[in-house]
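What follows is a short report on a single structure.
Laboratory data are not the source of any read-out in this text; all were calculated from the coordinates shown. Given the structure is predicted, the values throughout are model-derived calculations rather than measurements. Glycine gets a Cβ as well: all are built from the backbone with ideal geometry, and neighbour counts include every protein chain shown.
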Amino acid sequence: MENLVFGDLTIVVGGSSVGEPIQLLWRGKSNDRQPGKALDPYLGAVLQEASAQARPVEMRFEALEHFNSSTLTAIIGAVQKARHLRVPLALVFDKALKWQKLGFDALRVLSKGDGLLDIRGI
């Protein structure tokens with residue numbers, strides 16, 4: 001899996017060992033008006049690969065400086081795709097950053113008690 005660079009956003013892939021989660025480290029800013037044009041196919045491919053390898057995915061947002069509401073829409077799409085593929089997905093954010101806490105707390109409505117979505121602040 002390759003890293004993604006899209007405008008001011010970089011997603012670095014980590015966790016290359018078998019059995020550990022595929023980590024997506026989000027850095028910079030996601031401020032494109034239509035981030036889904038890059039994020040949707042990229043995240044879809046990562047989730048397909050995770051499904052094929054029977055590995056969970058962990059998206060880490062602590063180093064992200066900003067994301068807009070359009071990015072939130074792409075993240076919601078990834079949550080739905082992960083659930084469809086039965087890939088466990090963790091969204092990890094910096095709870096000390098108010099804008100991250102508000103955004104990710106709002107995503108908690110997507111949890112269905114099936115253990116496939118873990119949203120945690122650190």
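Within the chain, count lysine pairs with alpha carbon atoms under 24 angstrom apart where the residues are 8 or more positions apart or belong to different chains.
Number of lysine pairs found: 10.
Taking only DSSP H segments of four or more residues, each worth -39500 (n - 2.57), what value at 222 nm results for the chain once the sum is divided by all its residues, to the nearest 500 deg cm²/dmol?
Details: 3 runs with 45 residues, N = 122.
Calculated mean residue ellipticity at 222 nm is -12000 deg cm²/dmol.
If the convex hull of the alpha-carbon atoms of the chain is projected onto planes in all directions, what is the mean projected area in square nanometres?
6.6
Give me the net charge for the shell around residue 3: Cβ to Cβ below 15 angstrom, other residues only, Lys and Arg +1, Asp and Glu -1. The partial results should precede the final answer.
Numbers: positive: 27, 60; negative: 2, 8, 49.
Overall, the nearby charge balance is -1.
Taking θ as phi - 60°, what are the ³J(HN,Hα) couplings along the range 54-66 by the Karplus curve (6.51, -1.76, 1.60), each to the nearest whole Hz, with x for Gly and Pro?
Here the 3J(HN,Hα) series is 6, 10, x, 10, 10, 9, 10, 10, 4, 8, 7, 7, 6 Hz.
For Cα pairs less than 8 Å apart in space and 6+ apart in sequence, what is the mean separation divided by the residue count of the chain, i.e. the relative contact order in percent? The partial results should precede the final answer.
Numbers: 212 pairs, mean separation 26.8, N = 122.
Answer for the chain is 22 percent.
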